[in-house]
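Please read the structure below before turning to the comments.
The values are calculated or read from the model by the stated rules, or taken from the named source; none is laboratory data. Here the structure is a predicted model, which means the values were calculated and not measured. Here the Cβ positions follow ideal geometry from the backbone for every residue, glycine too, while neighbour counts run over all protein chains shown.
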Amino acid sequence: MAKFLRTFFMFFIFVFSANIVGQTPMKDTLTRTAPIFYDVMGNKVDFRPEMPPLNQIAGAPKAFYTYHWEFGDGNFSTQEKPKHKYKNNGEYTARLWSTNNYDNGKPPTSRPEKVKITSVGIDGSSASIDTSEENNPSLFIENEHLIIRTNRDPLPDEEMVLITSYKNTKDYVTSGSLYLFYNDKKFKDNNFILEDTRLHNGETIAPADPMFATEFEPDHSNSFVAGTQTNPLLNKKISQDSTKRLVLPVTLEESKGMYRNHQLIEFENMQPGEERHIFRTLKTTPEMLKDTSALVTLRTIYVPDKNYGNHTVKDTELEIVTSHDPNKMSSNGTILNYRLVRFKKVKFKVKFQNNGEGPANTIRLEVDTPEMFDKSTLEVMEMYPECPICPKEREVNYSCLDTIIKKDKIIFTFKKIYLPGTAQKNVIERDSTKGFVKYAMKFGDDFHKKNTRSRTAIYFDKNEPIITNYSTTRFMTGISIGAKAGYIYTPSKDKSREVFAGITVSPFKTYRGYFQTEFYVSAASFEELKKFETSDLNDVGIENIQRLSEKNKENNITAYLVPISYRYNLNNFLAIGAGVQLKLDFQSKIATETEGEAYLNIPGEGVIRDESNDTFQTTECTDNFANFNSGVFIGVNVGAVRIGPSVGVRYVFNFNEPTSQLQAYAIWKF
């Protein structure tokens, strides 16, 4: 019997659980993997991944993978199936990061693989060398010595690899340092966690903060001091701003003020012409801005010779994304200070990729542009493919970028260019199929504190457009402190006189609706005169009459608090509002004077004065923190209601006596 009950109970639990699962939407928690396979022939290795199927995003261009391989000896490749030759015997760790473009879901993960090389002297004839290593032995162009690239744009809660390539352009052996600054202070939360740093050339990571005291003399041995050139192939991947400077301590202090975190790597014995690579894994935080238009920056400082203060600063902009889509729009105006932005330019960037089977000759970018921007201030800062701006007065037969400004959009057109397609024959490097336009504009003279949204329609030749994400600009709330003063009239009290002054706190120059808090103190005086009479009849029938006059004079120091009110700007000059008001007398002083005139009402003689029984009495009463009252109000403001001076009136209904108040005031918001 017990066995039967136990079996029945387990069957019931199984059915109940199945029913619950059947009614509850299941979350797909499966992780896609991309195992690494390789063949070793002497010291030459053929690598290949086994990639899972792509989940095509509906309506997007054809999905594809991009790759970042690390071979464990300081070299890397972006090919799908790279071939690599190791110089020394040993055991190396090969790693792969693959990125799913136009694909739903997370990128596949790859387990690192150990590769053992035991026969450097044996030629592996079946394996060819990675073309990026043999046919193009250097990533650097002339006089360039620092390149920064990433394997993908950052997506919240995902890994990203940062590759720092540096070169000794001196004619002697050098030792120096590399700084990485990350997590911009302008954002509330950290954007990155530095999970891992992979060094392959004897570099060392310095202790937490040995910085920043040493002075260096500049090295003038090199004649070139202009901005560093950037490899055009890599520059299409990420936007970089590079400068050369001489005073290292100043740059380090500036960088510490801009970023929360840093890492210092020191290197030794770098031979003339030698190139090295440092690999870092950065994990983007879940708190990272979810806005697909936001830009974050990383700063790299390269000190090629520790005996001198000469150094290169490279600021790298990265667009925050919610999916890996090469066609996107971004802006550094995600969070703006409205007080300071009037004379600054907001930067925008439109990135695109040709996914066709052939090259694109004409690319048109139609960018939605809100009217609050002054399009006459448009400045094209960078572009790829690089070409001059088209002249307006005539047609030309060379490659150029044409710019057309309309009321609600800006149209950029690359004319007579050659941008390869990802599906084009013999196109191996996918970065060569990407382009971008980076531009800046100011806001107009009379722009409001409104969030904006922009996106771009991208046309490759005569194909249907690809629509990007929305790029947004938002303004920080900001605080506006207002000075307020006025007069309060209480109808139920005689000779009411009350003046007040105080402050208001509200968001800075809100466009429409907002909440406001107020606090002010008043000095009030009220007078009240009462007349009445009393009488009594004595034993002989004479009536004693007292005709009294009572004069009350009240002086109050009162605090008013508006904990919350909602205000709405109808336009620049008229606003309405309503809210809650609390009132408390800090001090209430009442002085009372009572004067009585005596009369006698004698039967048969009438009423006669009795001055001998006249009275006069004074009393004074002081009360602190008394007469609490609460109420609600409605009101209207006229003037510079968003910022500046205005006047207003307000009707207050209190829940206790006196029930009505009228306020007239002036206010100036700063």
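Side notes on the structure shown:
- Identity of the residue in the stretch 92-110, surrounded by fewer than 19 Cβ atoms within 10 Å (Cβ to Cβ) and modelled with pLDDT under 95, that ends up farthest from A58 (Cα to Cα): T109
- Within the stretch 605-652, being surrounded by fewer than 18 Cβ atoms within 10 Å (Cβ to Cβ), under 44 Å from the mean Cα position of the chain (by Cα) and outside any strand (DSSP E or B) holds for one residue alone: A640.
- Q661 meets each of the listed conditions (1) over 16 Å from D585 (Cα atoms); (2) touching a residue at least 40 places away in the same chain (Cβ under 8 Å) apart from (1).
- Within the stretch 627-670, being over 30 Å from F447 (Cβ atoms) and among the charged types (D, E, K, R) holds for R650, E657.
- Residues in the stretch 435-444 include at least one that is of a type in the set (S, T, Y) and outside the structural domain of Y560 (by TED's automatic domain parsing).
- Of everything in the stretch 394-410 that is among the charged types (D, E, K, R) and within 34 Å of the chain's Cα centre (by Cα), the residue that is surrounded by the fewest Cβ atoms within 10 Å (Cβ to Cβ) is K407.
One line per residue, one yes/no per condition, for (1) of a type outside the set (D, E); (2) farther than 30 Å from Y511 by Cα; (3) at pLDDT 90 or above:
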site	(1), (2), (3)
F616	yes, yes, no
F625	yes, yes, yes
F628	yes, yes, yes
V636	yes, no, yes
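- Top-ranked residue in the stretch 252-264 [being of a type in the set (S, T, N, Q) and part of a strand (DSSP E or B); ranked as surrounded by the fewest Cβ atoms within 10 Å (Cβ to Cβ)]: N261
- Residue match in the stretch 509-518 (condition: under 26 Å from N327 (Cα atoms) and surrounded by 15 or more Cβ atoms within 10 Å (Cβ to Cβ)): no
- Filtering the stretch 564-573 for residues that are more than 17 Å from T504 (Cβ to Cβ) and crowded, with 16+ Cβ neighbours inside 10 Å leaves an empty set.
- Scope the stretch 503-537; condition modelled with pLDDT of 90 or more, in a strand (DSSP E or B) and charged (D, E, K, R); matching residues: E518
Yes or no, residue by residue, for (1) of a type outside the set (S, T, N, Q); (2) surrounded by fewer than 17 Cβ atoms within 10 Å (Cβ to Cβ); (3) assigned by TED's automatic domain parsing to the domain that holds F625:
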residue	(1), (2), (3)
S525	no, yes, yes
T534	no, yes, yes
L537	yes, yes, yes
V540	yes, yes, yes
K551	yes, yes, yes
A559	yes, yes, yes
K583	yes, no, yes
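- Leading residue by the ranking (surrounded by the most Cβ atoms within 10 Å (Cβ to Cβ)) among those in the stretch 372-388 that are more than 20 Å from V346 (Cβ to Cβ) and touching a strand residue (DSSP E or B) at 6+ places or on another chain (Cβ under 8 Å): Y384
- Residue check for V499: of a type outside the set (D, E, K, R), at pLDDT 95 or above, surrounded by fewer than 19 Cβ atoms within 10 Å (Cβ to Cβ) and over 20 Å from I643 (Cβ atoms): yes
- Meets criteria (at pLDDT below 90, surrounded by 14 or more Cβ atoms within 10 Å (Cβ to Cβ) and either more than 25 Å from the chain's Cα centre (by Cα) or outside the structural domain of R453 (by TED's automatic domain parsing) (or both)) for F267: no
- The one condition in (1) under 18 Å from D196 (Cα atoms); (2) out of contact with any Gly (no Cβ under 8 Å at 6 or more places or on another chain); (3) of a type in the set (S, T, N, Q) that Q79 fails to fulfil: (1)
- Residues of the stretch 327-345 that are buried (at least 18 other Cβ atoms within 10 Å of the Cβ) and not hydroxyl-bearing (S, T, Y): N327, K328, M329, N332, G333, L336, V341, K345.
- Where a residue in the stretch 440-467 is modelled with pLDDT under 90 and of a type in the set (F, W, Y) and its partner, wherever it lies, is assigned to a strand (DSSP E or B) and crowded, with 19+ Cβ neighbours inside 10 Å, with Cβ under 8 Å and at least six apart: F447/F373
- Residue list for the stretch 412-423, restricted to those being surrounded by fewer than 17 Cβ atoms within 10 Å (Cβ to Cβ) and out of contact with any Pro (no Cβ under 6 Å at 6 or more places or on another chain): K416, A423
- Some residue of the stretch 441-461 being β-branched (V, I, T), farther than 24 Å from N337 by Cα and in contact with an Asp or Glu (Cβ under 7 Å, 6 or more places away or on another chain): yes
- Among the residues of the stretch 363-391, those that are acidic (D, E), within 18 Å of Y470 (Cα to Cα) and not in a loop (DSSP other than H, G, I, E, B) comprise E366, D368.
- The stretch 332-351 residues that are over 22 Å from Y470 (Cβ atoms), paired with ones that are outside any strand (DSSP E or B) and of a type in the set (D, E, K, R) (beta carbon under 6 Å, 6 or more apart): none
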